[in-house]
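Below is one structure, written out as structure tokens; comments come after it.
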Amino acid sequence: MKITHWRSRAGLLWLLAALGLVFAVTPVIAGSATGKSSERKLTEAATGTFEVLEAADQYTEARTAPADSIDPDAFSGAYAAANNLPLVGGSWDELTTKPYNSDAHGYRDPVWSNSGGGAGIVAGRMTALAVDGNTLYGGAADGGVWQRQNGTWSPLTDDAPSLSIGALAVDSAHALWVGTGEANTSSDSYAGIGVLYKASGSSNFVRVGGDELQNTTIGRIVFVNGYALAATSRGLYRHSIATTSGAWTPVLKQGIAPLPSSCSQSGGVSGNAFVSDVSVEPGTGNVDAVVGWRAGSNCNGFYRSTNGGQTFSYVTVNGSLNEGDLGRATIAWAANGSKIYAVVQSASMFNHPKTDFGGTLLQGVYASDNGFAGPWNKIAEWRNLANSGSALKLSKGYHPGVQAWYNQFLSVDPANANHVFLGLEEVFESTDGGAKWNAVGPYWNFGLPCSSGGLDNCPPTTHPDQHAVAFANGNVYVGNDGGVYSRGLNSTSPFGSLNTGLNTLQYYYADLGPVGGSDAIWGGLQDNGESLLLPGASTMVSPFGGDGGDTLVDHTDGNKAVVEYVDLDMALTTNGGVSSGAPGSNAFREISPSCFAFTYTPSPCDPGARFIAPFEPDSADPNHHWVAGGQYVWDNGTKGWDTTCSASACDWKPVYNTGAGHSITAIGVNQATYVAWCGPCNSAGFARGIATNYGGAWHALSLPAAFPNRFINAITVDPANPAHAYVVFNGFSRRWTNTFSAGEGHVWETTDGGASWADISGNLPDAPGDDIVLTASGKLVEASDIGVFVASAGQGAATTWSRFGTLPHASVNDLQLSPDGSYIIAATHGRGIWKITTP
């Protein structure tokens with residue numbers, strides 16, 4: 001396909017800070033060694049909202065700090081600069097095209113694997129769905145728009161300036177409208193470029209309007225009286241569907257009556273009206289909208305238009321729905337107009353510790369038989385949902401709605417006003433208007449009664465964390481953190497996966513090693529564990545569950561890997577993650593020095609590990625010497641694949657303390673070790689530094705005044721010279737921030753162990769940098785949020801960069817050289833893993 005009439009790509013929720021997604025995370029204090037139960041799966045389900053919020057904080061601050069705001073044109077400028085560079089290297093080849101089976105037999109470690117949970121074939125997070133006849137459209141968090149015809153998925157927007165999708169809608173002329181910018185306010189939600197439009201029968205997309213919706217998120221698009229209405233993070237906007245030209249008109253926004261001039265958002269940046277939903281009242285042309293910022297706002301409330309969405313009035317809500325405690329809310333009308341439903345997240349629960357409210361953020365699910373104003377009757381809350389077959393009933397103090405700020409959908413069967421589907425962490429169904437609910441898509445099958453005779457006795461279920469729903473052709477479709485699932489609308493059969501060929505996996509890291517004459521590829525994923533693609537295999541498998549993180553693979557034996565859950569909770573396997581199923585036959589052993597280790601608490605332990613924390617092998621001795629980082633630098637000596645750790649003894653030893661409140665963000669090792677840290681890591685007092693033991697003793701480096709005061713995302717040490725290292729900066733330069741200290745450049749180099757540094761960014765686009773590798777032939781390959789770039793090493797300030805290969809426009813979070821150095825793999829956060837011949 002071809003994208004025309006666009007000027008810029010999205011910024012990362014610029015990032016989420018512009019929407020108020022910066023939260024303080026209270027660390028666990030290092031304490032004495034204690035034992036823990038091995039009920040990890042229930043604990044993992046329970047950590048829900050707070051774990052995702054921690055990820056949101058940290059993924060965002062890497063791209064914003066030290067600024068508290070980023071110019072909306074920052075990504076636009078970066079893409080313009082990239083497009084002006086020469087292209088070398090040809091196209092990348094997609095590796096992760098095999099179905100990803102999250103339930104594979106043989107990979108069911110009793111502690112660490114989620115295999116057997118029932119989600120089946122999984123994909124990356126799907127945030128929007130729409131149906132037109134026999135065509136199903138899906139929108140991915142950072143994987144673009146896909147269409148499914150005759151059972152086959154195809155990407156439509158790989159070359160679009162934004163692959164972050166928040167809304168899809170098909171108008172009466174069968175044109176597809178795409179709202180870019182994911183509205184779930186999650187850890188890795190990117191803002192968009194507005195609305196794209198594809199006419200029926202066309203393969204080209206054009207942007208609707210001008211820059212009015214630039215760098216917003218869009219959660220819903222609806223049509224009324226010849227106009228489209230877009231619910232965005234900066235208000236509700238209106239545009240004629242007869243043309244793609246002309247500006248979007250704001251109709252419900254701060255400063256436009258009845259809203260005040262500024263929306264004061266608790267926990268966020270003041271100013272914007274976050275419209276969480278909009279709906280058209282059937283048969284009337286009246287429009288209902290919800291301003292629903294998750295942490296509360298003076299603008300939050302219900303609003304109604306009686307003139308097709310041109311102007312709005314505030315609606316005083318009656319009944320049991322507490323409008324004074326309104327967070328994110330979703331509304332859904334019955335097709336005959338007889339009833340309206342709402343699911344409401346509680347702002348007060350969101351803003352208080354989890355212990356205050358029994359592990360849920362759900363205010364309730366409501367129904368009104370008398371229109372948008374009510375009276376609203378509560379038809380569900382966490383207790384009756386938990387008792388409806390929910391797997392979360394079994395979790396330790398956490399219940400349905402624990403992530404209601406992130407997981408929401410609500411929709412009514414077009415043929416039955418009492419047939420309702422509700423999406424939270426799980427999928428719920430009611431056939432009697434909410435009097436009774438059934439968990440028809442449980443979180444997973446672990447612990448459910450059906451599993452007493454073995455997990456294979458349970459029916460399939462959906463992946464957790466629901467975001468989208470659609471009806472068509474007698475089916476219901478749902479989108480969640482694991483892709484797209486469907487079942488018959490009036491069927492009692494379980495949901496089935498539609499994810500084969502939907503290549504939208506969101507990787508943080510990847511690594512590889514030889515198995516059987518080729519390379520096995522491991523990768524840590526957002527909410528999809530650790531994937532493993534073996535040579536010649538027909539499917540990928542998931543030996544390790546949860547949120548995958550950093551990954552280390554033996555470059556002489558791809559069956560040996562160290563993987564990460566979160567917070568530096570590392571686990572090691574030497575047999576490719578294969579489990580026999582016999583009691584005590586774990587495929588992994590935990591080797592974490594973190595205070596967040598699951599099966600034990602080491603003493604001493606590290607209280608300061610990041611959500612995705614780094615660990616690296618020594619390039620001079622990669623099978624024996626490893627270094628990991630939290631607040632402390634941890635060194636395993638030369639234990640390598642024999643590394644062990646427990647409450648009583650641990651091979652990891654703390655060799656350097658970066659300081660209280662600091663967290664290590666990057667590590668590079670070649671005999672000498674270099675570590676980068678931040679702390680505080682957000683805009684309030686942001687600080688960073690580098691420490692090394694080059695020369696013998698550990699010491700903090702004295703960095704030059706011109707050295708950027710930004711988040712350091714990667715350190716690479718020259719394998720031939722431990723005094724020679726490169727650092728990669730995330731975020732944007734001071735040109736795009738309100739902070740002079742952000743400095744300039746994204747790649748800096750030292751040739752004397754950190755005593756001096758030089759900016760070698762040259763003509764490299766000013767975009768968040770993620771990783772860098774140095775090839776044996778002397779080429780530098782840099783990964784960024786806007787693609788991959790290459791330059792010749794040794795040129796200093798005269799370094800000249802080119803675009804390296806053609807990739808879909810997803811963020812490239814990690815690069816790895818193959819064991820023989822002949823090719824490079826790129827782990828993207830939305831379009832899987834790709835490879836290209838080493839330059």
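Among the residues of the range 71-82, which ones are open to solvent by 10 Å² or more (accessible area, probe 1.4 Å) and either free of Cβ contacts under 8 Å to residues at least 60 places away in the same chain or of a type in the set (A, V, I, L, M) (or both)?
Selection gives Ala80, Ala81.
Are any residues in the range 120-145 in a loop (DSSP other than H, G, I, E, B), farther than 30 Å from Tyr197 by Cβ and in contact with a Phe, Trp or Tyr (Cβ under 7 Å, 6 or more places away or on another chain), and if so, which ones? Residues satisfying the conditions do not exist here. Look at the range 640-668: where a residue is among the aromatic types (Phe, Trp, Tyr) and a partner is assigned to a loop (DSSP other than H, G, I, E, B) and open to solvent by less than 10 Å² (accessible area, probe 1.4 Å), sitting 6+ places away or on another chain with Cβ atoms under 9 Å, you get Trp652/Ile591; Trp652/Ser592; Trp652/Pro593; Trp652/Pro602; Trp652/Asn636; Trp652/Thr643.
Against the condition small (Gly, Ala, Ser) and at pLDDT below 95, how does Gly778 come out, does it pass? It would help to see each step written out before you state the result.
Values: small (Gly, Ala, Ser): yes; at pLDDT below 95: no.
Considered against the rule, which asks whether it is small (Gly, Ala, Ser) and at pLDDT below 95, Gly778 comes out as no.
Suppose the filter is over 23 Å from the mean Cα position of the chain (by Cα) and at pLDDT 95 or above; does Asn503 pass it?
Working: over 23 Å from the mean Cα position of the chain (by Cα): no; at pLDDT 95 or above: yes.
So Asn503 fails the test.
Within the range 683-706, the residues that satisfy the criterion of being part of a loop (DSSP other than H, G, I, E, B) and buried (at least 22 other Cβ atoms within 10 Å of the Cβ) are Phe686, Tyr694. Please tell me if Thr574 is surrounded by fewer than 24 Cβ atoms within 10 Å (Cβ to Cβ), in contact with a helix residue (DSSP H, G or I) (Cβ under 8 Å, 6 or more places away or on another chain) and touching a residue at least 24 places away in the same chain (Cβ under 8 Å). Yes; evaluated as a whole, the condition is true for this residue.
So is Arg294 outside any loop (DSSP other than H, G, I, E, B) and touching a Phe, Trp or Tyr at 6+ places or on another chain (Cβ under 7 Å) or not? Give the steps one after another, and end with the answer.
Numbers: outside any loop (DSSP other than H, G, I, E, B): no; touching a Phe, Trp or Tyr at 6+ places or on another chain (Cβ under 7 Å): yes.
In short, no.
May I ask you to say which residue of Trp698, Trp652 is closer than 26 Å to Glu590 by Cβ, at pLDDT 95 or above, among the aromatic types (Phe, Trp, Tyr) and in contact with a strand residue (DSSP E or B) (Cβ under 9 Å, 6 or more places away or on another chain)? Can you show your working first?
Values: Trp698 fails: closer than 26 Å to Glu590 by Cβ.
Within the list Trp698, Trp652, the selection yields Trp652.
Screening Pro819 on (1) surrounded by fewer than 24 Cβ atoms within 10 Å (Cβ to Cβ); (2) under 30 Å from Glu182 (Cβ atoms); (3) out of contact with any helix residue (DSSP H, G or I) (no Cβ under 7 Å at 6 or more places or on another chain) shows it passes everything except condition (2).
The set of residues from the range 773-789 being more than 22 Å from the chain's Cα centre (by Cα) and either hydroxyl-bearing (Ser, Thr, Tyr) or buried (at least 22 other Cβ atoms within 10 Å of the Cβ) (or both) comprises Thr775, Ser777, Leu780, Val781, Phe789.
Of all residues in the range 336-354, which are open to solvent by 60 Å² or more (accessible area, probe 1.4 Å) and in contact (Cβ under 8 Å) with a residue 24 or more places away in the chain?
Of the residues in the range 336-354, the ones open to solvent by 60 Å² or more (accessible area, probe 1.4 Å) are 336, 351-354.
Selection gives Asn336, Asn351, Lys354.
Look through Thr127, Thr217 and report the one residue that is at pLDDT below 95, buried (at least 24 other Cβ atoms within 10 Å of the Cβ) and among the polar types (S, T, N, Q). Before you say what the answer is, go through the steps one by one.
Numbers: Thr127 fails: at pLDDT below 95.
Criteria check complete, one pass: Thr217.
Consider the range 447-468 and keep the residues that are crowded, with 22+ Cβ neighbours inside 10 Å and not acidic (Asp, Glu). The one that is farthest from Ala128 (Cα to Cα) is Leu448.
In the condition set (1) at pLDDT 95 or above; (2) within 16 Å of Ile331 (Cα to Cα), Arg294 is compliant with all but (1). Once the range 679-695 is narrowed to residues that are in contact with a Ser or Thr (Cβ under 7 Å, 6 or more places away or on another chain) and over 16 Å from Phe729 (Cβ atoms), the residue that is modelled with the lowest pLDDT is Gly679. In the range 405-426, the residues that are within 17 Å of Ala367 (Cβ to Cβ) and charged (D, E, K, R) reach residues that are open to solvent by 10 Å² or more (accessible area, probe 1.4 Å) and outside any strand (DSSP E or B) with C-beta atoms within less than 7 angstrom, at least six apart or across chains, in these pairs: Asp413/Leu489. Candidates in the range 791-807 are the residues that are surrounded by 20 or more Cβ atoms within 10 Å (Cβ to Cβ) and not hydroxyl-bearing (Ser, Thr, Tyr); of these, the one that is nearest to Ala776 (Cα to Cα) is Ala791. Out of everything in the range 232-255 that is small (Gly, Ala, Ser), more than 15 Å from Ser297 (Cα to Cα) and part of a loop (DSSP other than H, G, I, E, B), what residue ends up being nearest to the chain's Cα centre (by Cα)? Looking at the filtered set, the residue picked out is Ala247. Looking only at the range 83-119, count how many residues are in contact with a Phe, Trp or Tyr (Cβ under 9 Å, 6 or more places away or on another chain) and either in a loop (DSSP other than H, G, I, E, B) or buried (at least 22 other Cβ atoms within 10 Å of the Cβ) (or both). Number of matching residues: 16. Selection of first residues in the range 260-281 that are among the hydrophobic types (A, V, I, L, M, F, W, C) and of second residues that are surrounded by fewer than 24 Cβ atoms within 10 Å (Cβ to Cβ) and at pLDDT 85 or above, restricted to Cβ pairs under 6 Å at least 6 apart or on distinct chains, gives the following pairs, ordered by first then second residue: Cys263/Gln254; Ala273/Lys253; Ala273/Gln254; Ala273/Leu259; Val278/Val222; Val280/Val222; Val280/Val224.
On the given criteria, is Val122 free of Cβ contacts under 8 Å to residues at least 60 places away in the same chain, open to solvent by less than 50 Å² (accessible area, probe 1.4 Å), out of contact with any helix residue (DSSP H, G or I) (no Cβ under 7 Å at 6 or more places or on another chain) and of a type in the set (A, V, I, L, M, F, W, C)? Judged against the criteria, Val122 is not a match.
Of these, Thr492, Thr500, which one is out of contact with any Gly (no Cβ under 9 Å at 6 or more places or on another chain) and open to solvent by 30 Å² or more (accessible area, probe 1.4 Å)?
Details: Thr500 fails: out of contact with any Gly (no Cβ under 9 Å at 6 or more places or on another chain).
Exactly one residue qualifies, and that residue is Thr492.
If you go through the range 506-538 and keep only what is open to solvent by less than 10 Å² (accessible area, probe 1.4 Å) and part of a loop (DSSP other than H, G, I, E, B), you end up with just Gly529. Pairing each residue of the range 754-767 that is within 18 Å of Gly794 (Cβ to Cβ) with any residue that is among the β-branched types (Val, Ile, Thr) and surrounded by fewer than 15 Cβ atoms within 10 Å (Cβ to Cβ), provided the two are 6+ apart or on different chains, yields C-beta distances under 7 Å for Gly762/Thr800; Asn763/Thr800.
Checked against (1) surrounded by fewer than 22 Cβ atoms within 10 Å (Cβ to Cβ); (2) more than 21 Å from Leu176 (Cβ to Cβ), Tyr227 meets all criteria but (2).
What tally of residues in the range 550-578 results from selecting those that are more than 12 Å from Asp511 (Cβ to Cβ) and either in contact with a strand residue (DSSP E or B) (Cβ under 8 Å, 6 or more places away or on another chain) or at pLDDT 95 or above (or both)? Quick ask: steps written out before the conclusion?
Initially, the range 550-578 is screened for residues more than 12 Å from Asp511 (Cβ to Cβ), giving 556-557, 559, 565-578.
From the residues that got through so far, the ones that are either in contact with a strand residue (DSSP E or B) (Cβ under 8 Å, 6 or more places away or on another chain) or at pLDDT 95 or above (or both) too are 556-557, 559, 565, 567-578.
The total comes to 16.
The values are calculated or read from the model by the stated rules, or taken from the named source; none is laboratory data. Since the model is a prediction, treat every value here as computed from it, not as a measurement. Heads up, the Cβs are rebuilt from the backbone with ideal geometry, glycines too, and the neighbour counts pull from every protein chain shown. Heavy atoms of the whole protein, side chains included, go into the accessibility calculation; ligands, DNA and RNA do not. Shrake-Rupley method; radii C 1.70, N 1.55, O 1.52, S 1.80 Å.
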